[in-house]
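The values are calculated or read from the model by the stated rules, or taken from the named source; none is laboratory data. This is a predicted model, so every value here is computed, not measured. In this analysis, Cβ positions are derived from the backbone assuming ideal geometry, glycine residues included, and neighbour counts consider all displayed protein chains. These accessible areas exclude ligands, DNA and RNA; they are computed on the full protein's heavy atoms, side chains included. Shrake-Rupley method; radii C 1.70, N 1.55, O 1.52, S 1.80 Å.
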Amino acid sequence: MSGINEFIDNEIKTNDVVLFMKGTPQFPQCGFSGQVVQILDYLGVDYKGIDVLADSEIRQGIKDYSNWPTIPQLYVKGEFIGGCDIVREMFQAGELQQHFQENGVTVRAA
């Protein structure tokens, strides 16, 4: 496993919810990342945002790690959930909230 894969693996395994995104949760740099941030913030979920624009190795590394071509990417308890469209569809159907609760992640709004 390369250094970047070890970094990604460690972040995913040591944080309950991780969002690999363009920009930061406070200042998203693309609309898709912004939508996922809005959903997570609305639900009141604690998560770690990792800015892929700050490091090109992470930007490519996360795509290789998940075998998913786009950013953002959401991970819950080490499991890849998906990108913006999947997260939005799960949220609208109530599945995202349920997934968080089933995995012991506190949702402060629902």
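Computed about the Cα centre, the dipole magnitude for the chain is approximately 200 debye when only Lys and Arg (+1) and Asp and Glu (-1) carry charge, each at its Cβ. For the stretch 1-106, GluC sites (Glu not before Pro) meeting the loop criterion (DSSP other than H, G, I, E, B) and having at most 14 other Cβ atoms within 10 Å: none. Apply the Debye scattering formula to the chain, with a single equal point scatterer on each alpha-carbon and no solvent, then give log10 I(q)/I(0) at q = 0.10, 0.17 Å⁻¹. For the chain, the Cα-only Debye profile gives -0.25, -0.73. The amide H of ILE50, built 1.01 Å from its N in the peptide plane, has LEU19, PHE20, MET21 as neighbours under 5 Å, considering only residues 5 or more places off or on other chains. Rounded to the nearest 5, the antiparallel percentage of DSSP beta bridges internal to the stretch 1-101 is 70%. If you sort ARG59, ARG108 by accessible surface, 1.4 Å probe, largest first, the order is ARG108, ARG59. Projected over every direction and averaged, the convex hull enclosing the alpha-carbon atoms of the stretch 48-105 yields 4.1 nm². Across the chain, the relative contact order, built from alpha-carbon pairs under 8 Å that are at least six residues apart, equals 32 percent.
Ordered by 1.4 Å accessible area with all protein chains kept, CYS84, CYS30 run largest first as CYS30, CYS84.
Here's the picture: charge each Lys and Arg Cβ at +1 and each Asp and Glu Cβ at -1 in the chain, and of GLY104, LEU40, ASN5 the one pushed furthest to the positive end of that dipole is LEU40.
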